[in-house]
Amino acid sequence: MSLFTEARLKQLIFFVAAIALLAAPARSQALVDPDKVAPEYREAAEKRRAEQIRQRECGLKADLDKVLPRDRTAYLNHCLDALAAKQ
């Protein structure tokens, strides 16, 4: 006789699926606040914040354009390149 009967296996799968659905969704990385870092790292923090804002803008643009997940990386790279070319 196996360790798990068919009924027990179904219960286990249901339990794992329920936990996965109830788990909190992944959060995006918080924006860097240049005022909260040491003065010697402030310039790097300002650059990182600007990059984060550009990435979020492109992400929102991808959402509005309803880009498929398989095409999202290429779309974001193209968007970021276009923003860099404008500067």
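Each reported figure results from applying straightforward, stated rules to the coordinates on display, with no laboratory input. Everything numeric in this text was worked out from a predicted model, so none of it was measured. A quick note on method: Cβ atoms are made from the backbone with ideal geometry, for glycine too, and the neighbour counts reach across all protein chains shown.
Each of Gln87, Tyr41, Leu64 was placed along the dipole of the chain (beta-carbon charges, centred on the mean Cα), and the one lying farthest toward the positive end is Leu64.
Which three semi-axes in whole Å describe the equivalent ellipsoid of the chain, each the square root of 5 times a Cα gyration tensor eigenvalue, listed largest first? Could you put the intermediate results ahead of the total?
Details: eigenvalues 361, 89, 19 Å².
Over the Cα atoms of the chain, the semi-axes work out to 42, 21, 10 Å.
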